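The values are calculated or read from the model by the stated rules, or taken from the named source; none is laboratory data. Nothing here was measured: the structure is a model prediction, and the numbers come from that model. Cβ coordinates were reconstructed from backbone atoms using ideal geometry, including for glycine residues, and neighbour counts include every protein chain displayed.
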Amino acid sequence: MSLLSAFDVSGTALSAQSVRLNVTASNLANAETVSSNRETTYRARHPVFATALDMFRDKPESAGVRVKAIVESPAELRMRYEPEHPLSNEDGYIFLPNVNPIEEMANMISASRSYEYNVEAMNTTKQLMLATLRLGQ
Amino acid sequence: MRFNLDKAMGIHETALYVRAKRSSVLSSNLANSDTPDYKARDIDFKNVLRNAAGMQTTGNLKKTNAKHIQPGGFDAKSAELLYRHPLQPSLDGNTVDAQVEKAKFAENAMQYQTTLSFLTGRIKGLNKALRGE
């Protein structure tokens, strides 16, 4: 039944969007995580979405979504001169993550909107299925 | 009059199938609204139903040769998936416009329920006829 697969499709979207929200939360939480060298500094992470074509192989009309990978931002880390900081290196610098809080907030709003309308789609599908079950009454 | 239960529901049976399928296509579009390079798809409902109706009326062709074959019933499974023309192309190659898709999805849900009420009407009519009320 096609409506059941619509349910699954919306489900994959919810899971992908919640991963995106999770990643955004990690980025915001670690926006000020200080480190003393370039290698151990937190870098902003971003999920990469891809269409999950193999999930519904017998149903070409259904295409779910999955998180293909989570990539780290290649943007330059922030360096700050703070010789008194306990984590500063021998030159007196501390390293801060390359998280852009404004970008992350925009990403968060976009993810929550997508989550919302996928829930709405799921609800509508549920109503349609229930109406179909009541057919003829 | 010979009564055929298969045809009792008329075109609505196919319509319901295509509507359900379209709802799946549209929810796929909504699910992939943030997927790079995803192209929004849709089913041309009017065209599919016209084909289905055409098949029903020409369902019984006159055979003048033993090798002639009757056209089969319309296969709603072959409803063609078409790509949507993007109103505003995005840089990542995604052509889903969430607002448009939401509107289409709601519209399709309404039409699905309309088809359901048509079917309910048919079933009630049959019930009445069977009971002889």
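For a quick check of your reading: which strands (runs of 3 or more DSSP E) sit entirely within region A:37-110 and have at least 1 residues that are among the β-branched types (Val, Ile, Thr)?
Ranges flagged: A:45-52, A:64-72, A:93-96.
Within region B:18-41, work out how many residues are under 15 Å from B:Gln111 (Cα atoms) and either surrounded by fewer than 24 Cβ atoms within 10 Å (Cβ to Cβ) or more than 7 Å from every other protein chain (Cβ to nearest Cβ) (or both).
Total meeting the criteria: 4.
Out of the residues in region A:123-137 that are more than 8 Å from chain B (Cβ to nearest Cβ) and assigned to a helix (DSSP H, G or I), which is farthest from B:Leu16 (Cα to Cα)?
The residue in question is A:Asn123.
Can you tell which of A:Glu84, A:Glu104, A:Glu116 is surrounded by fewer than 17 Cβ atoms within 10 Å (Cβ to Cβ), over 17 Å from A:Thr40 (Cα atoms) and within 19 Å of the chain's Cα centre (by Cα)?
Testing whether each residue is surrounded by fewer than 17 Cβ atoms within 10 Å (Cβ to Cβ), over 17 Å from A:Thr40 (Cα atoms) and within 19 Å of the chain's Cα centre (by Cα) leaves just A:Glu116.
So if I check each of A:Val48, A:Val119, which one is more than 8 Å from chain B (Cβ to nearest Cβ) and modelled with pLDDT of 90 or more?
A:Val119
If you check A:Thr41, A:Thr24, which single one turns out to be away from chain B (no Cβ under 11 Å), more than 15 Å from the chain's Cα centre (by Cα) and buried (at least 17 other Cβ atoms within 10 Å of the Cβ)?
It is A:Thr41.
Which number in (1) without any contact (Cβ under 8 Å) to a residue 60 or more places away in the chain; (2) closer than 20 Å to A:Ala6 by Cβ; (3) within 8 Å of chain B (Cβ to nearest Cβ) marks the one condition that A:Arg66 misses?
In the conditions (1) without any contact (Cβ under 8 Å) to a residue 60 or more places away in the chain; (2) closer than 20 Å to A:Ala6 by Cβ; (3) within 8 Å of chain B (Cβ to nearest Cβ), A:Arg66 misses (3) alone.
What is the number of the single condition among (1) part of a loop (DSSP other than H, G, I, E, B); (2) touching an Asp or Glu at 6+ places or on another chain (Cβ under 8 Å) that A:Ser114 does not meet?
(1)
Has region B:67-76 got any residue that is aliphatic (A, V, I, L, M) and at pLDDT 75 or above?
Taking every residue of region B:67-76 in turn, none turns out to be aliphatic (A, V, I, L, M) and at pLDDT 75 or above.
Among the residues of region A:78-109 satisfying the criterion of being out of contact with any Asp or Glu (no Cβ under 7 Å at 6 or more places or on another chain) and polar (S, T, N, Q), which is farthest from the other protein chains (Cβ to nearest Cβ)?
Looking at residues that are out of contact with any Asp or Glu (no Cβ under 7 Å at 6 or more places or on another chain) and polar (S, T, N, Q), I get A:Asn89.
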